[in-house]
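See structure below.
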Amino acid sequence: MKSVTLNNGVEMPLLGFGVYQIPAEDTERTVSDALAAGYRLLDTAAAYGNEEAVGRAIRTSGIPRGELFVTTKLWVQDAPAEDNTRRAFETSLTELGLDHLDLYLMHQPFGDVYGQWRAMEALNRDGLTRAIGVANFYPDRLIDLIANNEIAPAVNQIETHPFFQRADYHALMREHGVQHQSWGGFAEGKNDLFTNPLLAGIGKEHGKSVAQVVLRWLTQRDVITIPKSVRAERMAENFDVFGFDLTDEQMARIATLDTGGSLFFDHHDPEVVTWLAKRRLDA
Ligand code: NAP
């Protein structure tokens, strides 16, 4: 598996498996299938409600811990967030049945962001998570976080797919040493992504599916991607994406699909912010 080196020297696979919207009762089987297909990077979150099942699949796989890269995410915490964050982290670790994480992400740029980040810095210093990062941070929030804290995020996991490509932001993050990770790489199939004629045409030129073209396009831009599927045959298809290269001309054609906006949430919309920031987990 190709990997990238994060700003603190930690190696992270370029391709992994995401478990958002997989019901807890299906997660163990699904993650077991993904591990059998070769995935070693797993992406879950406290908010997904399936960390415990991910942990079970890890244990039954027998794969040595050092070969896995496990990410989970902190949900929005009230101020003062230092204690709450440590407690939420410990709950996630217990659910997963692990003694450390590879990457801990702040899930949303809301709540007591600075208290949450200071607690995450402490977890990193204590060796409980090998890297810390953020998700859904837009440029203004990311630069402010970097400017006012000791540890810069290793990763920013943001919506990125052919219809929202984030090229300028990618360059800015690279300038600041923050690794770009895509969520929703297939846009969850929105805008008829899987039958898009331009992507299908490029796929035909390589004998590849639209899904494979999208994942190659992301990884060729050094964007870490974590496609989700509950079907073993799609897991295998999505894992088999490094045996071909897109040409500059094909990359340029894909660039024309960018709409420059989200297909999911506007993190600057007051109603979205209120909804996300008020949603509290029981943990
Ligand atoms: P996604 O990966 O863009 O799309 C998943 C959808 O694509 C599912 O409906 C899946 O259906 C289908 N699919 C997968 N492979 C396919 C293939 N080869 N051909 C046709 N259809 C295929 O969506 P996502 O799960 O939202 O995003 C990926 C991961 O990013 C998540 O699982 C999660 O870990 C992370 N994420 C993070 C955030 C955040 O706020 N940080 C937000 C959203 C997601 P089947 O399952 O039926 O195959």
Check on PHE265, among the aromatic types (Phe, Trp, Tyr), at pLDDT below 95 and closer than 30 Å to ASN8 by Cβ: yes
Meets criteria (touching a helix residue (DSSP H, G or I) at 6+ places or on another chain (Cβ under 6 Å), surrounded by fewer than 17 Cβ atoms within 10 Å (Cβ to Cβ) and under 22 Å from PRO13 (Cβ atoms)) for VAL241: no
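Condition check ((1) more than 16 Å from the ligand (Cβ to nearest atom); (2) surrounded by 19 or more Cβ atoms within 10 Å (Cβ to Cβ)) across all residues:
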| site | (1), (2) |
| --- | --- |
| ILE143 | yes, no |
| ALA152 | yes, no |
| PHE164 | no, yes |
| ALA171 | yes, no |
| HIS176 | yes, no |
| SER182 | no, yes |
| PHE186 | no, yes |
| GLY189 | no, no |
Pairs, first on the phi > 0 side of the Ramachandran plot and small (Gly, Ala, Ser) in region 168-190, second within 16 Å of the ligand (Cβ to nearest atom) and outside any loop (DSSP other than H, G, I, E, B), C-beta under 7 Å, six or more apart: GLY184/GLU159; GLY184/HIS161; ALA187/HIS161; ALA187/LEU193
Search result, residues across region 192-212 that are part of a helix (DSSP H, G or I), in contact (Cβ under 8 Å) with a residue 12 or more places away in the chain and more than 18 Å from PHE244 (Cα to Cα): LEU193, PHE194, THR195
Subset of region 147-172 [of a type in the set (A, V, I, L, M, F, W, C), within 15 Å of the chain's Cα centre (by Cα) and not in a loop (DSSP other than H, G, I, E, B)]: VAL155, ILE158
Residue in region 207-218 that is under 28 Å from SER92 (Cα atoms) and near the ligand (Cβ under 10 Å from one of its atoms) present: no
Residues being in a helix (DSSP H, G or I) and modelled with pLDDT under 95 - total across region 85-133: 0
Lone unmet requirement of (1) surrounded by 18 or more Cβ atoms within 10 Å (Cβ to Cβ); (2) closer than 20 Å to GLY16 by Cβ; (3) out of contact with any Phe, Trp or Tyr (no Cβ under 8 Å at 6 or more places or on another chain) for VAL113: (2)
Breaking point among (1) away from the ligand (no atom under 16 Å from the Cβ); (2) touching a helix residue (DSSP H, G or I) at 6+ places or on another chain (Cβ under 8 Å), for ALA131: (1)
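Residue-by-condition table, conditions (1) away from the ligand (no atom under 16 Å from the Cβ); (2) touching a His at 6+ places or on another chain (Cβ under 8 Å); (3) in a strand (DSSP E or B):
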{"residue": "MET1", "(1), (2), (3)": "yes, no, no"}
{"residue": "ASN7", "(1), (2), (3)": "yes, no, no"}
{"residue": "TYR20", "(1), (2), (3)": "no, no, no"}
{"residue": "GLU25", "(1), (2), (3)": "no, no, no"}
{"residue": "ARG29", "(1), (2), (3)": "no, no, no"}
{"residue": "ASP33", "(1), (2), (3)": "no, no, no"}
{"residue": "ALA47", "(1), (2), (3)": "no, yes, no"}
{"residue": "ALA53", "(1), (2), (3)": "no, no, no"}
{"residue": "ARG59", "(1), (2), (3)": "yes, no, no"}
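Listed here are the residues, each with its yes/no results for (1) charged (D, E, K, R); (2) within 20 Å of VAL19 (Cα to Cα); (3) out of contact with any strand residue (DSSP E or B) (no Cβ under 9 Å at 6 or more places or on another chain).
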{"residue": "LYS208", "(1), (2), (3)": "yes, no, yes"}
{"residue": "VAL213", "(1), (2), (3)": "no, no, yes"}
{"residue": "VAL223", "(1), (2), (3)": "no, yes, no"}
{"residue": "PRO227", "(1), (2), (3)": "no, yes, no"}
{"residue": "ALA236", "(1), (2), (3)": "no, yes, yes"}
{"residue": "ASP248", "(1), (2), (3)": "yes, no, yes"}
{"residue": "THR256", "(1), (2), (3)": "no, no, yes"}
Candidates ILE132, ILE158 - the one that is touching a Ser or Thr at 6+ places or on another chain (Cβ under 9 Å), free of Cβ contacts under 8 Å to residues at least 40 places away in the same chain and under 21 Å from GLU11 (Cα atoms): ILE158
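The values are calculated or read from the model by the stated rules, or taken from the named source; none is laboratory data. No experiment lies behind these values; they were computed from the predicted model shown. We place every Cβ from the backbone using ideal geometry, glycine too, and count neighbours over all the protein chains shown.
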